[in-house]
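Input: a single structure, listed below in structure tokens.
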Amino acid sequence: MDFELSNEQQLLKDSVDRLIADRYELRTRGKILESDAGWSREIWSTLADLGLLGLPFSNEDGGFGGGPVEQMIIQEAFGRGLLVEPYLATVILGGSAIALAASAERRAEILGGVAEGQRLLAFAHGERLSRYRLRQVETTARRVGGDGWVLDGEKTTVIHGGPADTLIVSARTSGGKDDEGGISLFVVPANTAGVTVRAYPTFDGMRGADITFASVALASDALLGEADEAYPVIEHVEQHGIAAVAAESVGLMQAALDMSVEYLKTRTQFGRPIGEFQVLQHRAADMYVAVEEARSIAIHAAMMVGEADPVARRQAMATAKAQIGVSAREVGQSGVQLHGGIGITEEYAIGHYFKRLSMIERQFGDVEHHMALLASLETPG
């Protein structure tokens, strides 16, 4: 397989790398985190101007028809820059849900707004008791009057749920609370009566929200896709998320490795650079191996996220997330330890890479969850 970038892909990489280098150094990021919003609308507008917000969507939906390689390039650069804007929530998760389940007219309306930077989405699916079980949905939606719905329940740790103006909400419309069937998706404006959003910062610099729905009245067109048939869409949305954070983690890990190697070369102890001590060389070598393993599996995840066979796709994404989790722990912990005390200070970037890698290790399922899933998918004999 040819992993060389085309001229267009190289131009994309150069432009995103330049944006991160010029506009997103650590001090600037710190000021963004200290702001009330916790992210920069100015940066968001720049992403829209560069076409990055519409890149994965089709031309018919107001996007630019980018593929998995282009998306991987963007996410890896965002990882290196520790970007905190709601790209994962809006473009990857919310955008994927709309692209997979909405009608052509609705896709053009919503995704066109996303591409222009005028619309923010959040995918509200996780609940307090669900852990990593996608089918565990206790939020309910019941029909009223034959053409409307009433939504009740609570969603937790919704990524960038605070600033979102449009929520993609999963709810049980039939069946038991642990059934794959009977789950539906709804498009809910965040300012709808009965919707309460409690936003908060997460320890990696991102933002989360707990969202309560109390007798929220929805019109019939709030339903996204077919009633009771949303589980395959939800699973596929999560897989888009896995592919995205896999690529992001490669950028994070490579930056952490580069910083650590540079520190080993310049930090002196006992009259010589600490990089001359063999035990530290071995630790850096282990980090390098972990980064390359993550890079390989991230490429595989990017290629498989569009796979038509759901079983093959499920196996590929579980494999990717398990390996990413292992590599994230190795690189994040080693990077901090090689830096010593400075590695845990707010003024030094390695600690921020470690925090984001620690979050990614558990996001969309931890290592143990995906190893168990892989074991269940194995064919006996």
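The values are calculated or read from the model by the stated rules, or taken from the named source; none is laboratory data. The structure displayed is predicted, hence computed values, not measured ones. For neighbour counting, all protein chains shown are included, and Cβ atoms are generated from backbone atoms with ideal geometry for every residue, glycine included.
Data table
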read-out: Enumerated helices (runs of 4 or more DSSP H) restricted to region 265-381, each holding at least 2 residues that are within 21 Å of residue 74 (Cβ to Cβ) and not assigned by TED's automatic domain parsing to the domain that holds residue 93; value: 278-304, 310-339, 349-362
read-out: Check on residue 85, surrounded by fewer than 18 Cβ atoms within 10 Å (Cβ to Cβ), under 16 Å from residue 54 (Cα atoms) and either touching a residue at least 60 places away in the same chain (Cβ under 8 Å) or within 18 Å of the chain's Cα centre (by Cα) (or both); value: no
read-out: Among residues of region 184-238, those that are closer than 22 Å to residue 149 by Cβ, surrounded by fewer than 22 Cβ atoms within 10 Å (Cβ to Cβ) and hydroxyl-bearing (Ser, Thr, Tyr), counted; value: 6
read-out: Qualifying residue in region 303-324 (condition: of a type in the set (Ser, Thr, Tyr), buried (at least 16 other Cβ atoms within 10 Å of the Cβ) and either modelled with pLDDT under 95 or touching an Asp or Glu at 6+ places or on another chain (Cβ under 8 Å) (or both)); value: no
read-out: Filtered residues of region 59-94 (kept if assigned to a loop (DSSP other than H, G, I, E, B) and either modelled with pLDDT of 95 or more or in contact with a His (Cβ under 8 Å, 6 or more places away or on another chain) (or both)); value: 82, 83, 84, 85, 86
read-out: Some residue of region 42-58 being of a type in the set (Ser, Thr, Tyr), touching a Phe, Trp or Tyr at 6+ places or on another chain (Cβ under 7 Å) and at pLDDT 95 or above; value: no
read-out: Residue satisfying all of: in region 38-49; surrounded by 15 or more Cβ atoms within 10 Å (Cβ to Cβ) and not aromatic (Phe, Trp, Tyr); nearest to residue 207 (Cα to Cα) among these; value: 38
read-out: Condition met for residue 37 (small (Gly, Ala, Ser) and assigned to a helix (DSSP H, G or I)); value: no
read-out: Residues of region 1-13 satisfying the condition of being assigned to a helix (DSSP H, G or I), surrounded by 13 or more Cβ atoms within 10 Å (Cβ to Cβ) and either charged (D, E, K, R) or over 22 Å from the mean Cα position of the chain (by Cα) (or both); value: 13
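The rows are residues; the columns are (1) closer than 27 Å to residue 362 by Cβ; (2) not in a strand (DSSP E or B).
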| site | (1), (2) |
| --- | --- |
| 171 | yes, no |
| 175 | no, yes |
| 185 | yes, no |
| 197 | yes, no |
| 217 | no, no |
| 226 | no, yes |
| 244 | yes, yes |
| 254 | yes, yes |
| 257 | yes, yes |
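Residues checked against (1) under 19 Å from the mean Cα position of the chain (by Cα); (2) small (Gly, Ala, Ser); (3) at negative phi:
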site: 318; (1), (2), (3): yes, yes, yes
site: 333; (1), (2), (3): no, no, yes
site: 340; (1), (2), (3): no, yes, no
site: 349; (1), (2), (3): no, yes, yes
site: 365; (1), (2), (3): yes, yes, no
site: 369; (1), (2), (3): yes, no, yes
site: 372; (1), (2), (3): no, yes, yes
site: 376; (1), (2), (3): no, yes, yes
